[in-house]
Each structure stands twice: as C-alpha cells, then as structure tokens.
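K.L.:
A single structure is presented below for examination.
The values are calculated or read from the model by the stated rules, or taken from the named source; none is laboratory data. Predicted model only: the values in this text are computed from it and were never measured. Positions of Cβ are generated from backbone atoms using ideal geometry, with glycine treated the same way; all protein chains shown enter the neighbour counts. Areas reflect the complete protein model, heavy atoms only, side chains present, ligands, DNA and RNA absent. Shrake-Rupley method; radii C 1.70, N 1.55, O 1.52, S 1.80 Å.
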Amino acid sequence: MPVLDIDKIRRDFPNLATRGRDDKPIIYFDNAATTFKPCQVIASTHSHYCHRTANIHRGVHYLSEEATAEYESSREKVRDFLGTRNTFEIIFTKGSTESINLVAASYGRRFIKQGDEVIISEMEHHSNIVPWQLLREETGCVLKVIPFNDEGELILEEYRKLLSPRTKLVSIVHVSNSLGTVNPVKDIIRLAHAAGALALVDAAQSVSHAPIDVKDLDCDFLVFSGHKLYGPTGVGVLYGKEKLLESMPPYQGGGDMILSVTFEKTIFNRLPYKFEAGTPNIAGVISLGEAISYVNNLDAGQLIAYKKELLAHGHKVLSQVPGLRMIGTAKEKAPIFSFVIEGIHAHDIGTLVDREGVAIRTGHHCTQPVMKHFGIPGTARASLAFYNTKEELDIFAAALNKSIKVFHD
Ligand code: PMP
C-alpha cells in the first residue's frame, strides 16, 4: 500500500511553518480543540470575500446566485460526506454546540415530557450535558448517565440497564475529546432503537478520525463542527432524519426560514431552511465544503493506518516518561493522549512544553465529570492530526523529560 506523503500534506498547512516562543518551530498538538486549515480552505474564504460577497437565497443578481450555488454545493458535499439520503437533512449551524442545543430546544421541548428519560454518558463534553439539563429544568424529564470504567470505556451492561420504555433519546459522544475513546456508537444506537428511543451522535471529534456513514450507523441526529475538520470556525452541521426534522418546530425565527409572514400567521419554509434563520456564515459554509473536498482527496484507509501508528508511537514514548499516568487507555482510541505527571500540575506541564515549542491543552477539556471520575482537576492533553509526525512525538517526550527536570531542580 502506498504511504501518505506527510511532507506534501504538511506544506498545505501554512500554520505548521509558524515559529513559536523563542522562534522555535511549533509542534501543534491541540487538534482536538481546533485543527489547522489547509491553504485550499483559506483561499476559499479569501476568494469568497474578494469575488463573491453577496447574501444568499434572496437575490436575483449574479453575485447572489453564485454565492447561493456555492453555499448549496457545500450542502451537497456534506450530504455525500455523511452518506445521507438527501440535502434536506443537512442543517448548517454555528457548530456542534449549537446543533445539540437545536435538538434539545426543538425536538426536546416538543416531544420530551415530564418523566421521560434522556441518556447521556459520563464522558460527554459539556455541550452534550448542559442542553439536556436545561431541558430537564423546563420539562421535568430525567437525565441518566452511562458510566465508564477506569480504562475510559463505556460500560454497556450499565447502559442496557438504564434503557426503559420512558427513554426518549440517547445522546452520545463518538470519540471522547478528553480520553480519546472511540465508542461503539453503532451498538449504542441499535440498543436505543430496540428500546424505542432516538439516538444522537456527537461526532465533533470522530468526523476527523474516520469516515462516517449515517445510513450505516442509523443515528437519528448527528452533529459536528467545521473547525475540527480543517475548516473554519463558526460553522457546523446538524444531520437529522427528514421525518424527524419535519415534525420539529423551528429553533429560531427570522428571515429565510419563512414562506410567508402576516401579523396573523407565519408559514415556515421547507427543510432545511426552516432551521436556518437569518444570514448564515456563508463564507464559512463554502469553506467547509472545501475542507471536505481536501479530506476526500486523501486516502481514508491510509489516514486511519497512519493515525494508528501515531497512537502506538505516542503511547510508547510517553510510557517512558517518569511519573506519567495516561488517562484513557481504551482499546479503541484516537490519537489523543491525556495524562497527568506525578507532582506537577497540568498547567505547569503545558507552560513548560510551550517553551520547547509544543502546543498542548491543559485543564478539564469541558469534561469535568471525566476529571471527577479520576479524582483529578485536569490533564495535559496532546491531540494529533494526520499532519503530525512520530518525530514530533519524540520531541514532545524529550520536552516533557526536560520539563520534569526543570520543575524538580
Ligand atoms: N463535543 C466534543 C466531543 C468536542 O470535543 C467539542 C469541542 N471541544 C464539542 C462537542 C463542542 O464543539 P464546538 O465548540 O465546536 O461547538
């Protein structure tokens, strides 16, 4: 099998050439927070504002038609990328957070009643916890939580016990941003459906991990953010099955989501526009389409194999760092390394390796229940993308060793 040309890929990402503190080359290991963007994506944003600035859907003039065509062609790219049946099922939002809030506010308020149950897991990002708590406050529904074991794997026997005839929705993260665990979402969805519940997949991290096929997963909703898929910030996606989206009330009211308005009555627009009130992030949506084209041009099998190599190498070199304890050692993992080092606060680790040019994240990663599980305030987290290398991991391990020495001297 031909190998990925990582050097060529790296040249597509101008940010990889940025120099960091003390003019050191930057090693960017904060990809779970946001990824760098290839020049094709940056050029697309630039080109939109230079040559195609116009509002969409409403204009009869040339620029508006062009911008509308590009915007809608992005929707087609997302449809193809997720393997959905049609473009009505693709709603553009600000990101994963807004997509989950949309489902909680629209589906939740209409269909989830007092005593109904929503199941999430102990490893959810706050954006898949808080919207359901807000719904609980409003409706009196019950929130149940699937626990995970000390490796960071969901305990499926406990999940089976939580399912009941009152379960309305199971909302679950596909790849944990703080543990790296890849959850068996297909099984989780199958069990939810068998109990008569719907299933939402938070694909914020998984969308860049491996190809997603919503028809195969059979999830009812799926969310992701453009900026974690080498695209721009401020744009994301909600996929929902057409019948469900049809049954849901609008999330926000305003322009573009209506067919007609009188003071007596408003008739809502058809899908997907019913859920896209106001002027959207036009340049962002178009550039997200470009990011998808970029990823589609790479060989998915090779990317998966390469990330597995990075994962194995990372675990090997980090296991040799004295006092380092990995948080999240699931059998199925993405190359996300969350860890603590005995006697050193995670923030100090982050600050010390930053001096060596390595950008990592420290803290609770918006998953405080995960930290509570392990009885720690936070972790240091290195999260890798396909443009990272084993050499960078070696430099990182050396930077950690040096930092430990500096700290103890
Ligand atoms: N879910 C997961 C698993 C995430 O990692 C993140 C972002 N860290 C989110 C949801 C929220 O994404 P956004 O901030 O782009 O809305």
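K.L.:
Considering 340, 406, which residue is touching a Lys or Arg at 6+ places or on another chain (Cβ under 6 Å) and at negative phi?
P.N.:
Of the residues listed, the single one that is touching a Lys or Arg at 6+ places or on another chain (Cβ under 6 Å) and at negative phi is 340.
K.L.:
On to the next question. Out of (1) open to solvent by less than 40 Å² (accessible area, probe 1.4 Å); (2) free of Cβ contacts under 8 Å to residues at least 12 places away in the same chain, what's the single condition that is false for residue 36?
P.N.:
Going through (1) open to solvent by less than 40 Å² (accessible area, probe 1.4 Å); (2) free of Cβ contacts under 8 Å to residues at least 12 places away in the same chain one by one, residue 36 breaks only (2).
K.L.:
Kindly list the number of the only condition in (1) open to solvent by less than 40 Å² (accessible area, probe 1.4 Å); (2) hydroxyl-bearing (Ser, Thr, Tyr); (3) closer than 21 Å to residue 293 by Cβ that fails for residue 47.
P.N.:
(1)
K.L.:
Please tell me if residue 105 is in the same structural domain as residue 183 (by TED's automatic domain parsing), among the small types (Gly, Ala, Ser) and outside any helix (DSSP H, G or I).
P.N.:
In short, no.
K.L.:
Could you please let me know if residue 127 is within 13 Å of the ligand (Cβ to nearest atom) and open to solvent by less than 50 Å² (accessible area, probe 1.4 Å)?
P.N.:
yes
K.L.:
On to the next question. Somewhere in the range 329-349, is a residue out of contact with any Asp or Glu (no Cβ under 6 Å at 6 or more places or on another chain), at pLDDT 95 or above and basic (Lys, Arg)?
P.N.:
Yes, the range 329-349 has at least one match.
K.L.:
Which one of these does residue 78 not meet: (1) on the phi > 0 side of the Ramachandran plot; (2) surrounded by 13 or more Cβ atoms within 10 Å (Cβ to Cβ); (3) in a helix (DSSP H, G or I)?
P.N.:
(1)
K.L.:
Here's a follow-up. Given 71, 62, which one is over 30 Å from residue 363 (Cβ atoms), more than 13 Å from the ligand (Cβ to nearest atom), among the hydroxyl-bearing types (Ser, Thr, Tyr) and without any contact (Cβ under 8 Å) to a residue 12 or more places away in the chain?
P.N.:
Just one listed residue meets the conditions, 62.
K.L.:
Just the residues that are within 12 Å of the ligand (Cβ to nearest atom) and over 12 Å from the mean Cα position of the chain (by Cα), please, taken from the range 213-230.
P.N.:
Listed by number, the list is empty, since nothing qualifies.
K.L.:
Next question, about the same structure. Check the range 155-172 and report whether any residue there is within 16 Å of the ligand (Cβ to nearest atom), open to solvent by 10 Å² or more (accessible area, probe 1.4 Å) and assigned by TED's automatic domain parsing to the domain that holds residue 203.
P.N.:
Looking through the range 155-172, none of the residues is within 16 Å of the ligand (Cβ to nearest atom), open to solvent by 10 Å² or more (accessible area, probe 1.4 Å) and assigned by TED's automatic domain parsing to the domain that holds residue 203.
K.L.:
Does the range 97-120 contain at least one residue that is closer than 19 Å to residue 372 by Cβ and either within 16 Å of the ligand (Cβ to nearest atom) or open to solvent by 30 Å² or more (accessible area, probe 1.4 Å) (or both)?
P.N.:
yes
K.L.:
List the strands (runs of 3 or more DSSP E) that sit entirely inside the range 291-409 and contain at least 3 residues that are open to solvent by 20 Å² or more (accessible area, probe 1.4 Å).
P.N.:
324-326
K.L.:
Oh, and also: Conditions first: (1) at positive phi; (2) in the same structural domain as residue 357 (by TED's automatic domain parsing). Residue 14 passes all but one, so which condition is the exception?
P.N.:
Every listed condition holds for residue 14 apart from (1).
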